[in-house]
Each structure stands twice: as structure tokens, then as C-alpha cells.
Number of protein chains: 2
Amino acid sequence: MEKNSARALDKLFHPRRVAVFGSVKTGKIAHQIVSQMEAGGFPGQIVAVNPRAEQAEGFPGIRAAADIRALEGGADLAVIALPAPYVEEALRGCAEAGVPVAVVISSGFREAGNAEGERRLAAMARGRGPRIIGPNCAGVMSTGSRLFASIEVRALPGRTAFITQSGAVGGAVLALAGQRGIGFSKFVSYGNRADLGELELIEYLAADEETAVIALYLESITRGAELLEVIAACSRRKPFLVIKAGRTSSGSRAAGSHTGCLAGSEEVCEAIRAAGIEELLDLCDGFASLPPLRGGRIAIVTNSGGPGILAADRAEELGLSVAEPGPTTRRELQGFLSGRCALGNPIDLTVEGTGANYERTLRAMLASDCDGAIAINVATPFLDSVALARGVAAAAAQPALAKPVAAAFMAGEMVAESLRVLKRSGIPAFPTGERAAFVFSKLREYYGRSARVAESFRVEERELPLSAPVLEPQAVSFLKAEGIPFPASRYCRSLAEVEEAGREVSFPLVMKAVSPEILHKSDSGGVLLNLRTREDLLRAYGELERRFSAFSFRGVLLCGQVEGGVEVIVGLKRDPVFGPVVLVGAGGIWTEVLRDVALRIAPVEEGEAMEMIGELKAARILSGFRGSPARDREALARLIVQVSLLGPKYPAIQELDLNPVLVLERGVFAVDARLIAGEVRD
Amino acid sequence: MEKNSARALDKLFHPRRVAVFGSVKTGKIAHQIVSQMEAGGFPGQIVAVNPRAEQAEGFPGIRAAADIRALEGGADLAVIALPAPYVEEALRGCAEAGVPVAVVISSGFREAGNAEGERRLAAMARGRGPRIIGPNCAGVMSTGSRLFASIEVRALPGRTAFITQSGAVGGAVLALAGQRGIGFSKFVSYGNRADLGELELIEYLAADEETAVIALYLESITRGAELLEVIAACSRRKPFLVIKAGRTSSGSRAAGSHTGCLAGSEEVCEAIRAAGIEELLDLCDGFASLPPLRGGRIAIVTNSGGPGILAADRAEELGLSVAEPGPTTRRELQGFLSGRCALGNPIDLTVEGTGANYERTLRAMLASDCDGAIAINVATPFLDSVALARGVAAAAAQPALAKPVAAAFMAGEMVAESLRVLKRSGIPAFPTGERAAFVFSKLREYYGRSARVAESFRVEERELPLSAPVLEPQAVSFLKAEGIPFPASRYCRSLAEVEEAGREVSFPLVMKAVSPEILHKSDSGGVLLNLRTREDLLRAYGELERRFSAFSFRGVLLCGQVEGGVEVIVGLKRDPVFGPVVLVGAGGIWTEVLRDVALRIAPVEEGEAMEMIGELKAARILSGFRGSPARDREALARLIVQVSLLGPKYPAIQELDLNPVLVLERGVFAVDARLIAGEVRD
């Protein structure tokens, strides 16, 4: 990150004087911002800047100025809510007054077809002007500084920084969070990101001591590879949550993003993914409030069977274990619980469960081999839920254990006061036990992930010694030279060459038609298998020559026939956003039927390649299945690494498909190659 | 349904006089029930029955009696909240007083180890006693009769009947529903179901005019086949929603259900499934409020991009289409919307969208080929959401169109009043657009399902002409006689018989070792393929005889070799709850790797068998894939029907596996059979 943007963001989040540009008449946006700032108790100074130096209606204490340049001492932050045509001039004033950063609320730029106006803002930010958040955004909050420069609901204080491309999603999240008492350290709606965007914000917030968790709502990705790098680096320091919107065709059309087609962008991202607003909020609350979940074993303590069962079902469906207590713990529980309680897991205290029951049961379970616990209470109009909340809070207040405890207290007004008790005790409460179980599964995913070592690769770019269209024999000999294992093969351009080859090679053989016009050779009958004699060869050649005479037939490729491997596909694609991406998938028609594919930004190291293999549904087959032997995963991983290195090394490779690759008990062979060479698209 | 239970349920839901048994001191359960009934405005008469004829504290108007037998005119309904040991005597009194139905709130029966006490209640219900709901339940509500005989939050009036095995889940659902203004026609917590349970309730409610939708929370299943029949019949009349809890090992352990292992029970159920309480509530609201969704095309109209995109993503992920409007509709929209609006789909009216914009846009989209619409509003503190709600309501109030319109207005206090406006207009409002999209996907699933014709099968039971262990040659000849297609085959018990067969049969052949001890022949090398000559046969026989000499070798089965079909598996299992179940799945190792299997209660008709095939991931392969030919699905469907008929016909068949079955371009062959015969388990 450039020094410049870190300094600008420092000022953005901790300004002493804020200049608000725009009409401060009631109902106007600048007036709304001033009133939110005042209501939030901003301790610094607010200055309303507008041509007639009008004071904000209803705020006689707030100073006004006609021109930022005339303001002695300038300002740390400008918030601009002017009509689009006046924004540039305001920024020019800010530049002259030395204002380091501006939030441009105003719309009417790229999103409205005014790309030129937005380019001019960006140019100013790159030049002498202030750094810019926006335009077309909903503003900024920094609860530690009591700064609420936004038209949205004011955030409660908290430890999660929420940055969002969509102002409306920001507003919805803040409103829902407020209802549930969930707070934020920072809120940034960055809109069109003419200058500062998620990259700079993530990098800043990764080091921000007020921020324990970062949450991002993202629609379109521009600098994909950088983004993933920043997210990976950030994830090693603190949990990083993301909603990626525009995952489907209509969604991505509406998001105006061109990454919808890149299924890979989902898989390659190390962030903890939420599907929507409610999941994101649940995760914000869980990650910001809870200590790490060190293993996958959880206890569910409840006063009612059904909701406990639903939570257990969800937990196990998401890979957690809801195992019964061992004999020692069970004896301990029997010591103080009535015989009516179910001592499995979920542990059902029944409707007679008291606060003390919750406390002692949770303590006993957490002291055993459970890694965390969920406490469920279903209230009736005649039950004292506050006492139960106090019991849960007492059990969770055990710094020695440092295991996460969450609650699901249902529902409505009956539990409103008990939810406040839980909140004050730092215990996140979810609307249902199922949602608590979801959060625990993500805690597990994050804390269970081994810290990946970031290895930096150095790959030198080379010119590709091939030109389009690349025939298969050329691709094969090029790839062999790059270390990709193929069976012995020979390119024969005529019957005479086939005859000659027939004398030297060992059977059985495969013969493939060579032609720049045939893409899917096997579908069109261009591959003949099981050739066992010289006669077979000659007959086969005649057949292919006849069949493809109309398709620029250029001879055949003779290859040794590999028997009995497990088919996979390995490939390389060049993505306009993420650059070279390597993939491995289940082979044959299953690739398309199942979309059983794992992707990574290229290049990858062997450990990552092994991870990719492990992600496949087909992984079980490679491990040996129902008596069939285990296959050489390591050799496959090495092949994936080799293919991945070709991406950065040869920018002219547009696409490479090794389909199939046969994975044997020892070793691996690519038996078919398709390489598309061409200019790199921009 | 027996007449008796229908009459009892009539009285249960529409009683004129209710006798409440138990202590009516403040804090006691009978007192809570009396106060809920009073607060709910029960128009009939309440009588408190307890030994000293004490009046309920705080309710001087309520009559009391010492003995139900002494009460002239008896009662239509008894609600019993006595300690368990006194329940039987109370029921005896009810029997003598002619009370037709009793709700036993009391716990302390089977759930507490007192199975004997519960059996006695059941025996009374079967004899002269009243029919029983419970014991160990949370009571009954019937909003049309203003009957609230329960300790839970009182339900609002509505059109959904909610029946639940868990009282606590019932309480949580009622509390959450109350918060959202979602109502119910009936509520029944039926607890231990000593007598009346979900079967009788569903059958009654299917015909109940006050009930448009039925929702069930179910933990354990006892009479599985009957339940599915009742659900299927009900689903043809009205939407049937279900949460099946206890899906995982810990969940089913806690549910005390022995159906957890029955993965099939999930697939064979025609109900609309909800994973948890919130999904169930969303579905209740949607199905009870909305007209049918006739196709899968929906419009999303929003005033903010991000939340619209999230809803579109979810909708498309769930199989709906969020397609752009055609040119005519687009021109119409351009006529009244500002140039800033995005006219794709989602249609973004921007933050400036008015109530009139919502109304006209929704009308235009619904008048086009859209089948339904979701209206999203993300409020800010400075936006008039009530006006937007009125616009949505105006558009939805178009009886001519009868297309479903739902809303997602966010969030919290800012939209409280607008949610009331929507509710009054009969428009269901969901917490997020994603959740509205989920509901629309389920509307589509329900209304898109073609009305299935209920064909009743008449299958006569027969004795199985085989005894355990069944060798493959015996299984094959039995199955051939039952019309299952196998390739020509011959059982040879000696080398001499093989020699003889070799003179008559046509090659190529497959030879399989026959032995009662070999289960997975191919895994253990017991199948030899590609035998093309007599010499091959003799060599092969020697090899198998040698290999399996230690495994009760009983000769070989010689079969014609079928080439080039798509492998599937067809089978029959006998489930302890559901009885015979037929299955079809992707073949080979993929069956286990993918669990790509469809199941149905046997027998099935051809239409159902085609449906099963359509559910497979492998269905695409059967339809012809990347140039490979389409396979004979009809022949496969006929085979499934034939296999399914064997279930009811031969109760002694425990299990049958045809693995693989080869599906050819014309016809289908089973090439391997494993049949397990034995006594039917109970």
C-alpha cells in the first residue's frame, strides 16, 4: 500500500475537523449527514461549506463557510454531497486547502453513464487532490472516533469493520445489526471506487487495532489477483468475511460485473463466505465476540428437545460433531441434574432447567473434550429467561477455558431482556440454534485452517515456441520438453511414415487424427484404440484419412496406449481478472456432468495442488475405492504444479487442456493435449 | 380415517364447553391455560375441575367442579394438566361423562420411562375413553373458535394449521410468527401421540375449510408408509410443509427416532421441506398468502442495487429465472421511469423510487410474461417506506392477474409501519430478498408439480420359490421368469458342462464364479470378461476354480457379454418403517461416491419411474451427452416398475441388487443380480 493512502485513511477514520459540502436545508443530504454527525456526538468540529455560508437548519452551533480555502487550518476530511457537476470544483478547493481525503456521496458519475466525470475525479486523486472514497456512496463511520458521516442508521460500537460496494446493503446490514445489538468499528460505503477501494481499505484495516474482524460486500472485481493476495494476507491476521454478489447470470448482469462467468473466483478466495445479509451478520457477531473454536466437537444445552435436535442436525450437516459426553462427564451431570434430563448431546434440561443447571452443565461440558457450546432456550410466557441468560453468562465467563459459548434464545418480546443480558456479557445470541451451528461451522473452518505458508514464486516470462493453430503433435512435444509426462508418441504425416513407425514402436497403440479443424477428436471418431498389429495401423490410417479428408487432415499421432488409470482432467485458463488459473477435475464426461473441478490462481506449489485434489468428489476414487488400488496423488500434484507454471512463463498460452490425464498406481500420463495460443486479451 | 377420530377432532377444534383439570393456583399449568383461554376471548364455557372445586385465582367468573361426572351436560373437551399418576382417573371420569376428546398436557409418561402408564392411556382411548392428544404436549389452539388451550403464546388468526411433535418448537414458531404477524388456523402440539397423532390430524386438516396450508414438525416416524400416503393425498389438495428433525446421527439420537438411518425417508416424501424454523415460517407465510406461481420467471423490483442482486443470485441458484424484460415492456417502463433506473431484472428504481414507480413497474412486469414478483425496499432514516408499501399493495391488488407478489422491506424500526401496511394488504413480507426468493422457489416446486394420478396397485403376495442363500444362477432364472431382461446365460457346475456350453453359445462371453461366500465378485476377481473362444472358456474355468477353491466354489455362470451400455444400478430394499423401497442410481463406483440415487416406496408406476430417472445427476448421460446417443429411458423405467412390483409380491425378498444394469440405445439388460431372501424383519 502506498504511504499516501494509509495516511489518508488515518485521517478519514480519525478526523478532527470535517467539512460538509452541500445544501444544509432540512431534507437535503448534507443536512442529513450533519444531523447524523451531531446525533452521534462527534467530538471534533463540523463546518458546513456552501456558497452562501448558510448554517445547517436546526444546528446553530455549527460553523459555516463559503469556501474551504478561506477556512483557516483547513479540514482533515471533506464530505461532499453536491450535485455531480460541482464536485470537481469542490475537490479543487480541498486540494488547495490541503484536505487529505474526501468522501464523495454524490451520484451522477459512472453509474449514470458519466464515466468521464469519474475519470476526472480519479485523475485529481492521483494528482494533487485529496484521496477519494466514492463517488455514489453512503458515507463513512468510525465508532471509536464517534464519526457518523453517513445517511445510514448509526452503527453501534463494535470490533468488526464493514466495507461495502453497495450503500443499500450497508444500510440494511446496519439496520439489522442495530436491532440485534451488533456493533462495528468502522463502516465504509465506497461506491464507485474511483480512487480508494476495497484493496486499500482491507490492507489498512488488517493492521487496525480497533478492528478484529473484516466484512466485505463485493459486487464486481477489477484487480482480482491483487484482491486475493490482500485477502489471503489479511486472513492470516484476522477473520475476513465476504458476500460476493452477482454469482449468477442475472445477478452479475445487475452487478455490471464481468466476473460472473468466472466460477473460479468463488473457489480461489480464502475468505469466509456468507450467502446473504443475515449470514454475514451472524458471522460478524460470532467472529467478533467469540474465542477460537479449536476443534469440531460442540455441546448443545437446551431446555427443549426439538430446537436442540434442529441445531444438532444443522451442526452435523455442516461437519461438526455433537458427540455424547463420556462416562466421567455423564456422572458429573447426573450429580446435579434431575433424572428427566436427557444426558446425550443435545443435553435437554427440560422446561424445568434453571440458570444454575445451564451454568453447571455448560461448565462440565466445556471442561470435558468439547471445544465449544451452544445454549438454547425456548421461552414460554411463564418462564424467567433472564435467569437462564445469567446462568449461560456465568458459564461463559471462564477465561481459563477460552472456549466459545453462543446462545439461541427464542423468541420475540419474551426474551428481549435476556438478550440484553447476554449481549452485555459478550455472548452472541442467534435467532435460532441452527444459525448458531452455522457460525460454529465457520469458526471451525477458519481456526482449523492450518496457517498456509506464503511461498513466492519467481517465474520468468518466455516466448512461446509455437504459433496458432497448434496441432496436437506440436503441443505434445512442447509439453514433453516442459516436463509433462506423455506416453511415447510419433507424428506420422503419411501412410509410409506409419509403416515405418509400425516397425519400431511397441503395441498396443492409439492413433489420433491430426487436424486444426477437429476440436473433440473422440466425439467425432478421430481416435482409434487398441491397435495391436501393423495391419491394424495401416487399416486405421486409411480409415482416419478417409473420415477427415474434408477437414484439413494432416496425418496422425501414434501413441502408446496406457491401460487402467483413473481419468482426470488438468488444465490452464487465462482469466481476464485473475490471470492464469490452473484446474483439476474428475475426468471424462463427469467433468461436465458434475462440475467436479478445483481451481487456483497459477502458479501453485505441491501442497496447494494436493489440496486441490482433496477438494474433488473424485478424490475418494484416487485414494483407492472398494478394493481398487490407491493412485499416485503426488505424481498428479507434481503435474498440476508443472502445468500451473506454464501460465506465468508463457503469457501466449491462452488455454491448455490435458484431457484425460491417467493417474496410475505409480506415476501419471497425459494422453491428450489441446493448446490454444494467441495474444493475451486485455 | 375412522369416523371416531374425525368426530373427536371436530369437538377438539370447536368445543362449546372445556373442562380444565389441574391446580388453578397462580403459576400452575392449569391456571396458565385458563388465563390464556380467557385472554384469548374463548366464547364458550370453561370449567375448572379439581378435587376441592377451587376457582381459578383471578378469574371469579369461571365455574369450578370437583368431578366431571357431576357436571350436567358434560364437556366437549377436557384439558388435563394433572400430575401423571392422576391422569388415568381423570380420563375415566371423562369417559363416564361422555367427553369425546382430551388433551393431556401432563408429562411423566413414555418420555420419562413410564411406557406402561402411556400404554394404559392408549388402551382407554381405544376402549370407552375419550380420544387423546398427548400426553406430554403443549396444547391446542383453534383461532376460528378463539380456543387457546395451551401455555404457549397465542396464535394470530390465519390459514395455516401447524402440528408439532415438539411443544417447544411449537412455542418458538408461535413466538416468531407473532412477531412477524403470521397467523394460524389451528395449532396442535401432540407430544407422545399415545392415541391421535399426525396421521389423523393431517387427514382431518386436509379437508378443513379453515386451513389452506398444513405445516408439520416431525421428529420420529412410526407408521412410515401410511404417513407418506396421507401426505401424498393431502399434497394434492393443499400445500404440505414439513420439518423433519433428527436427520443426522446426533439429531436422531436425541429425537429417539430409529429412522435416522433411513436416508430414503427424505427423498420419498412429497412434502415441501424446510430445514428449520425460520424457513418453515417463511413458507407458511408465502403459501398461505400467495396465489399459485405458474412458471419460474420472476421480476425483482428494488430501490437499491445490492439487495436486488443478492435476491437474484439466490433465485437463480434455486432454479428460478430472473430474465430481462422484453422490448415492449422495456419501452413501457422507459415511459415513466427516470433514465437512472436500471431496466434489466432486477429493476433498480434507485433511492428515488416512489410508491407510484413501484406500482407501475410491478404492474408492467406482471402483465408481461413474469409469473410473480418480489419488491425490495431498503429504507434509510430519511425515506418514506409506507408510501412504497402502498405502491406495492396497489400493484398486487389485481385479481385479474392473480400472480404472487411478495415484499422484502428492510430493516427494523424504519420499516415497522410499512410492514403493517403490507400485512393488511395480504402481502407476505420477508426479512430479506433472499428469503423471498427461497419461498418463490418452493412455490414453483409445489405448483409446478404435475398433479400426479394416484394409481392404486393390486399386488398379490406370493411365496418366494428360493431359499437362502440364493446363488446368482438361481436369482437370474427367477428374475427372468418375472420379466427382468438378462442376457442369455447358462449355469455350469463342472468343466464338462462348460465344454458342452462352449459348443452351443455365441461369443464373446462373461464367466462368473458361483459361490454363496463371494459378495463382490468383481472386486475379488470372480468375473472374467471378453472370453472369445472355447479355449478361453476352459482356461477361465480352471482359473476361477483354482482361485475360489477355498470359498465353496459351485461352478460358474456363463453369460452373453453386453457391450457399450450406460451403467446404472436398480435395487429393492425393505425398510422397517416404509416397507419395500425401489431405487435407481448412477452405476459403478459412482453410486457410492456420489450417492446419485433416487428412491420411492414400492411399487411405482412408469411415470414415477421416469421421475426417478430424471432426478439422477446421471440423467444427462442417459439423454445423450456430447454426441453420445440417447439411451432407452423408457425401457429402464419399465425395469424399475418390474423390480418395484417384486417388493410387495414376494415379502421374503429382503434385498435385490441389479448392479450393473446396462442401458442401451434400445432396451436394457441386467447383467448381475444379488438377491437376499429371508424372514421379514419386524
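Since every read-out is calculated from the coordinates, none of them should be taken as a lab result. Not measured: the values here are computed from a predicted model. All Cβ positions, even for glycine, are placed from backbone atoms using ideal geometry, and neighbour counts span all protein chains on display.
Points to keep in mind about this one:
- Length-normalised contact order of chain A in % [C-alpha pairs under 8 Å, at least 6 apart]: 8 percent
- Against the main long axis of the alpha-carbon atoms of chain B, helix B:305-317 sits at an angle near 40°.
- Rg and Dmax [Cα atoms of the protein assembly as shown; Å; Rg one decimal, Dmax integer]: 35.6, 114
- Tail fraction, Cα-Cα pairs, segment B:3-286, threshold 33 Å, whole percent: 18 percent
- Computed over the alpha-carbon atoms, segment B:74-117 gives an Rg to Rh ratio of 1.00, Rh here being the Kirkwood radius from the mean inverse distance.
- Taking all Cα-Cα distances within segment B:142-237, those exceeding 17 Å account for 48%.
- Distances, shortest first, from the label point of A:Ala630 to those at the same position in the other copies read 4.5 nm; the point lies 7 Å along Cα to C-beta.
- Cα gyration tensor category, rounded, prolate or oblate, for segment A:290-448 with a/c compared to 1.5: rounded
- Cα extents for segment A:566-677 along the principal axes, largest to smallest and rounded to whole angstrom: 43, 27, 23.
- Translational diffusion of segment A:344-424, estimated by Stokes-Einstein from the Kirkwood radius over alpha carbon pairs at 25 °C in a medium of 0.890 mPa s, is 193 µm² per second.
- Dimensionless Rg ratio for segment A:116-174, taking C-alpha atoms and the 2.2 N^0.38 Å reference: 1.31
- Computed E for A:Glu413/B:Glu57 - FRET, C-beta separation, R0 22 angstrom, nearest 0.05: 0.35
- Scaling the Cα radius of gyration of segment B:75-154 by the globular reference 2.2 N^0.38 Å produces a ratio of 1.06.
- Sparsely packed loop sites in segment A:55-138 (the GluC sites (Glu not before Pro) outside DSSP H, G, I, E and B with at most 13 other Cβ atoms within 10 Å) comprise A:Glu72.
- Two-decimal Rg/Rh across segment B:471-625, once Rg and the Kirkwood Rh are taken from alpha-carbon atoms: 1.02
- Calculated label separations, A:Arg52, copies of the chain, 7 Å along the beta-carbon direction, nm: 8.2
- Spin-label zone in segment A:119-147 - amide nitrogen under 20 Å from a point set 7 Å from the Cα of A:Asn4 along the C-beta vector: A:119-135
- Over 26 Å apart at the Cα level, from the set A:Lys442/B:Lys244; A:Lys403/B:Lys244; A:Lys244/A:Lys403; A:Lys442/B:Lys617; A:Lys244/B:Lys423, are A:Lys403/B:Lys244; A:Lys244/A:Lys403; A:Lys442/B:Lys617; A:Lys244/B:Lys423.
- Where N is the number of residues in segment A:488-560, Cα Rg divided by 2.2 N^0.38 Å: 0.98
- Cα-based helix-to-principal-axis angle, A:495-504 vs chain A, degrees rounded to 10: 90 degrees
- Taking the label point 7 Å along Cα→Cβ, B:Asn114 and its counterparts in the other copies are spaced 7.7 nm apart, in ascending order.
- Relative contact order %, segment A:471-620, counting alpha carbon pairs below 8 Å whose residues are six or more apart: 20 percent
- Just so you know, the Cα atoms of chain A work out to an Rg and Dmax of 31.4, 101 Å.
- Rounded to the nearest 10 degrees, the inclination of helix A:3-13 to the longest alpha-carbon principal axis of chain A is 40 degrees.
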